[in-house]
Amino acid sequence: MEVGLRGESREEGVESMASQGPRPQTLDPRPETLAIGVMGGTFDPIHIGHLIIAEEARYRFQLDRVIFVPAGIPPHKPDEPITDREHRYQMTVLATQDNPAFETSRIEVERPGPSYTVDTLMEFKRIYGEETRLFFITGADAILEILTWHQPERLRFMCKFIAATRPGYNLGEVKRKLPKAYLEHIFFLEVPGVHISSTELRSRAAAGMPIKYLVPAAVEDYIIQNHLYRAEK
Ligand code: ATP
Ligand code: MG
């Protein structure tokens, strides 16, 4: 059995993850190299589900930082109306500001055309150095779609994936559906489940229902002040 970079096992089943101790032992042969988590998403709006998986990944894999990357044009949502990228970026900045290990990147917000993860990871390698280890953090739904992403074969050699549990999605399905060659690049991560999505938050806001506690207070204030997700829009 191959031991993962941070003491996680690549072959461990989803079922056994809950029994792992609180902090993995560092077995990294190169602990001096920078380990960066990359948390991609549309963040329309960013919510506590995103923050929880990013923080849990940071802790479990001892990441030096997690960079949130709001997509400029999410390639997987071509027909869906999405909120202006600057609003989504601002909300992400507000949501991440109280965590010293979190930051928000403008890399995809500023890049024209569809926001492909391969381009973003290539850029991060250029900025932080080729030896920097990148961990792309996703929820269970997103990892299932990974083969439909742009240049998946190239992508899998540019980073490791951290696939977090998400209520309503079966992470075990990932093991059945994805080829072994891809699974070798994925670490599974069990996180406290939060059964919310940005879609649901947009509907709640439009219906005048509370979003308090589901998004950070600063994000809620931003949504109110900028009249986002209002039904009359
Ligand atoms: P939408 O409903 O608009 O698709 P979303 O809540 O799925 O929004 P995204 O911006 O699409 O949010 O997701 C960004 C990443 O966060 C994806 O990898 C997704 O799987 C993950 N994610 C989102 N919400 C959760 C959640 N509640 N639990 C775990 N992972 C989540
Ligand atoms: Mg989504």
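Here are the numbers for the structure shown:
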{"quantity": "Protection-proxy order for peptides 94-101, 50-57, each taking the mean of Cβ atoms within 10 Å per residue, highest first", "calculated": "50-57, 94-101"}
{"quantity": "Beta bridges per DSSP with both ends in the chain, % antiparallel, nearest 5", "calculated": "5 percent"}
{"quantity": "Among Tyr89, Ala217, Phe68 - extreme Cα towards positive end, dipole of the range 34-225, charges at beta-carbon", "calculated": "Phe68"}
{"quantity": "GluC sites (Glu not before Pro) lying in DSSP loop within the range 137-233, provided at most 14 other Cβ fall within 10 Å", "calculated": "Glu145, Glu184, Glu232"}
{"quantity": "Residue-span extension gain [Arg111 to Gln225] - 0.36 nm each, minus C-alpha spacing", "calculated": "38.3 nm"}
{"quantity": "The range 34-225, relative contact order in percent, only Cα pairs under 8 angstrom and at least six apart counted", "calculated": "26 percent"}
{"quantity": "Gly40 long-range amide H proximity, modeled H, under 5 Å", "calculated": "Val69, Ile137"}
{"quantity": "Simple Cβ-charge dipole of the range 34-225, Lys/Arg +1 and Asp/Glu -1, about Cα centre, in debye nearest 20", "calculated": "480 debye"}
{"quantity": "Cut-off 12 Å between beta-carbons: net charge of the residues surrounding Leu201, Lys and Arg +1, Asp and Glu -1", "calculated": "0"}
{"quantity": "Contact order normalised by residue count of the range 76-168, Cα under 8 Å, 6+ apart, percent", "calculated": "25 percent"}
{"quantity": "Residue-averaged 222 nm ellipticity for the chain, from DSSP H runs of 4+ at -39500 (n - 2.57), nearest 500", "calculated": "-9000 deg cm²/dmol"}
{"quantity": "Filtered chymotrypsin sites (Phe, Trp or Tyr not before Pro), the range 161-233: DSSP coil and at most 13 other beta carbons within 10 Å", "calculated": "Tyr213"}
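Values in this text are rule-based calculations from the coordinates and carry no lab data. Keep in mind it's a predicted model, so treat the numbers as computed, not measured. A quick note on method: Cβ atoms are made from the backbone with ideal geometry, for glycine too, and the neighbour counts reach across all protein chains shown.
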